Every structure is written in structure tokens, then in C-alpha cells.
1. How much net charge surrounds Ala369 when only other residues with a Cβ under 13 Å from its Cβ are counted (Lys, Arg +1; Asp, Glu -1)?
2. Using a 1.4 angstrom probe and counting only protein chains, how large is the accessible area of Leu542 in Å², to 10?
3. Hey, which of these cross-link pairs are over 19 Å Cα-Cα: Lys340/Lys541; Lys389/Lys492; Lys340/Lys488?
4. Working with all protein chains in place, sort Glu187, Glu526 by solvent-accessible area computed with a 1.4 Å probe, largest first.
5. Nearest 20 debye, what's the magnitude of the dipole of the chain about its Cα centre given +1 on Lys and Arg Cβ and -1 on Asp and Glu Cβ?
6. Just to make sure I understand: if all protein chains stay in place, what is the order of Glu396, Glu377 by accessible area at 1.4 Å, largest first?
7. From the mean inverse distance of alpha carbon pairs (Kirkwood) and the Cα radius of gyration, derive Rg over Rh for region 306-352.
8. Output the peptides 528-537, 359-368 sorted from most to least packed, where packing is the average of other Cβ atoms within 10 Å over each peptide's residues.
Amino acid sequence: MAPAPRTPTAPTYSATGPVSLAPQGAPQPVGRRRRRKPGSLLDARVLLTSLPEALRKLHPRALATKPVLFVVACGSLLTTLAALLAPSVFTWLISCWLWLTVIFANLAEAVAEGRGRAQAASLRKARTDISARRLRNNWRVGLDVHTAETETVPAADLQPFDFVVVQAGETIPADGDVVDGVAAVDESAVTGESAPVIRESGGDRSGVTGGTTVLSDRLVVRVTSRPGQSFLDRMIALVEGATRQRTPNEIALHILLAALTIVFILVVVTLQPMASYAGAAQSTTVLVALLVTLIPTTIGALLSAIGIAGMDRLIQRNVLAMSGRAVEAAGNINTLLLDKTGTITLGNREAVAFVPLPDADELQLADAAQLSSLADETPEGRSVVVLAKNAYGLREPSQGELQHAEYVDFSAHTRMSGVDLRWADAVGCAIRKGAAAQIIEWVTGRGGEVPAEARMFTDAIAASGGTPLLVAMHDAHGARVLGVIHLKDVIKDGIRERFAELRRMGIRTVMITGDNALTAKAIAQEAGVDDYLAEATPEDKLALITQEQEGGKLVAMTGDGTNDAPALAQADVGVAMNTGTSAAKEAGNMVDLDSNPTKLIEIVEIGKQLLITRGALTTFSITNDVAKYFAIIPAMFAGAYPGLADLNVMGLHSPTSAITSAIIFNALIIIALIPLALRGVRYTPASAHDLLRRNLTRYGLGGLLAPFLGIKLIDLLISPIPGLG
């Protein structure tokens, strides 16, 4: 019936389990992701379109929320008044560059927000004013939809617990859960993914989003959102930054910057009387210049842009963070709870080997396994057919080739599938494939015996983390077991290495699975996770999260069902799948529009990148002030104290050119660092100690040396200007 078999890639078995294994097929690598392209970070068009918004941010009310920039703006106002009262080239240059410092700082925030507004514009196209067909007369689930009365109302009038009917070609008017029907839905307006998805009542794929389109059939949707508070409305508000709140770390850093600013204001204010006593009184312009170079203007200018860009990087990966706090918490995660199916494994078990019993032929087993799986439409059943074809060259029978075959479909009740064959001479045979207990019962019920090797092989496969299926035949030789099919959870390519990276970062990984403890242990060892929770229920997840948090740890997890909602709400970072229920999306503080559980690892990396970027630029900002001291202090006091001229290590041309060069560099460095603030510091997995050392070496030392070179070059360029000599 079939050509000669090729050399199979089956493992060898013993009583203790498989000795070697070569899985069939190529699993999809971890990390193959679809991203929204952000475009150029800092081109002329982006700067020009963001400039009006940067100028609007000069309003005192906006500046008052940023203490460092507010002080710089006040200083700019003072120097402008000084230039009007006593005009000079030096005073006007300082005044102009101080104003540019404030504008450049606002520009950094405006560019970051502008990227969000561009994404919000595409989302608004999905939020159209549409009508809805609402079911009347207190319709409830279970009643016939076809005979129910409907009324046409604006989508804005829909309230929670209203029921609406949506036919093929119509737009879903509001967020909700499907309570009746199954249909293909186009969600490209929200997710950017053109392939339709299936939404159906019951289960964890019932959630629908307002603004998406039904492509087939009909759905009855129970509305779950109020007008103006839909998922799409929240997405638009978040990506625009309208509802962005500062994170705890960001607030702490703002307080620190404000405290430093107050200290340096006191220093400058008390400096003038002492300078006058020493015969080196300073002008208002010089004192303001000194204050601006003392306070950490660079990080003060970029702080908001760093936070906005962190959320933007998530949006580019189709993850919606409900707050910046969630992004920041992702960077501080200690424990990562990961569902086995779809995150660590490919999602469906695959047949990887046929193991014949001593009295059976390997090709006969493969042939019987294939025939008995033709009526099994589960992914596992189809993988048996594929393995028989790829490893043994067995093709599926063509239409009509088996004229007297009666197929037995797989069902969850019988837990087996098969085929009954009859030939013209009335000779026939029955073949069955299924769970070990059901096949053993089938064989013994027909008078056959199950050899001890069958139980030994099934136990060995189960101990290795696999799932054994028995294949049996009843023909003229009686009922007997031919062998075992080894089903295996296929670990995703690269996932072990990803877990090793997380371990280097100090993050503990825990696999969550409904499998028994034996199977869970085997898969956990193969995947390289630190721990596992077997036979997990929603209550077990919640208890584990609470236990970790009581130990002072931050926990992240994913979920999609209503039963996951309590755990998602309890977790510090709860990522709900967009395909899940409304309850899950409401409970979590992030929503993955691609519904890819593996992305939780990437979310943690983005959170860490945000924290690293903020730390790196803070280090750079503080250390780059040192060179400015070497420029301004000698310029201010070398006349009264000639010995201070030795501090002019850069050999700057004159006191006025030195101060001007420092102020110009202070403004230009903000523009230079905007791309880094938006893109983020390159993230590589490392321990906290290694990250600190790298930051101090690269950004601390870089922040110390760059201003010496920059200020010197600017001094060479501006020293020929009349009035600065």
C-alpha cells in the first residue's frame, strides 16, 4: 500500500523513558514579531511639525509642572530684561540661547507626543458615528434573535448590558462580549493585522471592540462600555498622552531635581554679596548663566520625553499600556508567570515518534496510526498523519480509495478515533487510536490482551513529559495493541536562551500549566524555567501572586479569560490578550493587541530599557555639568583671583566667550540627546551591578568628557564675534 519507509527519526525507548529524540517540523522561533514602524526619530519635518506645540508649552501653567525648565524660563526673562535695559552682544546671545534651551526641552516632549498623535489619527478613523440595532423588550440570552424586535439608536446612546445585533458588513458599535453567534471579525482598525479573527459566544474569545467590522454571519453583543469610555477611546487618549500620569520613579526624580534647583538658587543668590565684597560683583546675565549650568537642565528637559517614548515603544509592538506606571513596573519585575501553552510551547502537541511493540512492525504501526487519524480533526490527530507521511512516506488515501471504510470520529467522550475496513470477500479489520485507558478497554473488551510493554512504554513517555496514545487493531488475528504514538509539547525555538537572559537579569520564571506534576516537571526542565505550578487553577494563580508579593517581589503575568481577571488585577503587570473577555481586559493594566503571550518577556525588556535610559541620561546630565564649571568659574572670578585662571584648562578665548560657549552647549546637547531619549538606550541582559558599571563608564565618563570638547569647539567658532573678545 505504501512505498518503502525512509529511516525514521524515532527515539529509542527503555523502561526509564526516551533516550534520544529528534522532533518533527520546525517550530516557530521566539521573537518573530510584527511591529508598527515608527519612522525617523528626528528629521526636519518632525521638528517643524512639533515646533508649534513646543512654543505653546511656553505657557507659564505648562512650565510650572517642570521645576527645572520653569527656573530656566524665569532666568531667560531676567536676561531679556537686562538686554533691553543695557544692550550688548553678550547679553542678547545669552538671552536667546536660554530661550532656545527652554524651547528645545519642550520640543523633546512635543516630538514624543507627536508620534503618539500620528498613531491616534489612524485610530480615530475607526471611531465613526454609527447606528446600532438594539434588541428591545428586555431580550435576554437564550431567546430567539430572529423573532426579537430591534430599534435603531446612535452608538453613543448605548449603555452597559444593552444587547445589539451586528450582521456581516456592519461595524460593531461598542465594546462588549458575544453572547450569541460566531463570526469572522476584521480588527485591523485596532491591531493593524489584516487577517480576520473568529469571535464566538462562550469561552475566552468572546470579547469584541467597538469600531471593528463583522465579515460573516451574525453576532449578538452585550455592551460592556459607557459612551466615551470604550477601548478605542482609551487607546486614543493614552497614545496622545492626554491621560499620561507620572510614574512613582519619575515623580521621585522630579522631586530630586526640584530640590537640587532650590539648593543651587540659594547658592547663586548668596554668591553675589560675597562676590561684591571681594570686588568681583557679577551681572544678572552672568548669575543666571551660572544657575542654568549648575542645575540639571539636560535630564529635566528629557524626562517627560523618556516616559512618553517608553509607552510609544510598547504601542509600536501592539501593546497598550494603561499607564506609564505599568511600563515602569515591568522594568522592576522579579517574578514572571508564564502559561505553558502558547508561551513556552507551540500551543498544540505534535506526534514525534511511533514506538512499535516487540511483535509489531514499525511500518504497520505507522500505517494504522495514519488510517485511524483520518477522522481526527484535532491538531494532534493531524500531526499523526503528517508524521506518517514525512517519516515513512505514507500518503493519505485518495477520495474513494477505501470504498467500504467507516470512519469513527474523535470525540472528547470516547477519547479515540479510528476506522472500520471491509473488503469484497467480507474480510475486514477495525483500527483504533486514542488515550491509553480507552484503547486498553477496547482491546480487552474484544477478547484481546495488552502486553506489559505497552504499559511500560506509555509510562516512559508520560515520565518524559510527553503524552502517549495507543494504536490497536482487531482483525483475523484478534484484538491487539500495535504500539504507541509519542505526542510531545514542542518547546519554542530560543525560549531556553530567553529564560537564561531573564535569569541573568535576576528575574525568576514560573511556568503555569494544567498538566500533572510529572509532565510539568519534564517540560520545565527542558524549557529551562526556574519553577512550575502544575494542575493550576485560577485560585492557585492568585495565591501564587499574593505569596510572591508578600515576599516583596513584583509579579507579571498574562491571561485572557474571565477566570484570569482576579489574578490579572492582583499582578503588578497584568497583560490581557485582546482576544480575551472584557473582564480580563478591564482587570489588566496592559492589553496585547496581537494576543501573543510570549510578548510578556519583551514587555519586561522594554520596561527595563525605560529605566536604563532614564538612569543613563541622568548620569550624563549630572556629569556633563563639571566641564561647565571649568568654563564659567574662572570666567567669573579670575579677575579678582588670578590663580583661578589655572582652571581654564580648555584655554577658552575670553570670559564672555567662555560663558556663552557653556550656555550654547547646554542648549545643543538637549537636541543631540532627543533621538536617544526616544529610541532608548540599547538593552542587553545583565545584572544590576553590570548595568551600573556600564552606565558610569559610558554615560558618566562620556558626560564628563563630551562638554570639554563641545565647549572648546563652540568657543573657537564664536570668539571672532565682536563683543565677545
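The values are calculated or read from the model by the stated rules, or taken from the named source; none is laboratory data. Every value quoted in this text rests on a predicted model; they were computed, and no experiment measured them. Neighbour counts are summed over all protein chains in view; Cβ atoms, including those assigned to glycine, are modelled from backbone coordinates with ideal geometry. SASA here: full protein model, heavy atoms, side chains in, ligands and nucleic acids out. Shrake-Rupley method; radii C 1.70, N 1.55, O 1.52, S 1.80 Å.
1. In short, -2.
2. 60
3. Going by Cα-Cα distance, Lys389/Lys492 fall outside the 19 Å limit.
4. Largest accessible area first, the residues go Glu526, Glu187.
5. Dipole size: approximately 3020 debye.
6. Glu377, Glu396
7. 1.16
8. So the order, starting with the most tightly packed, is 359-368, 528-537.
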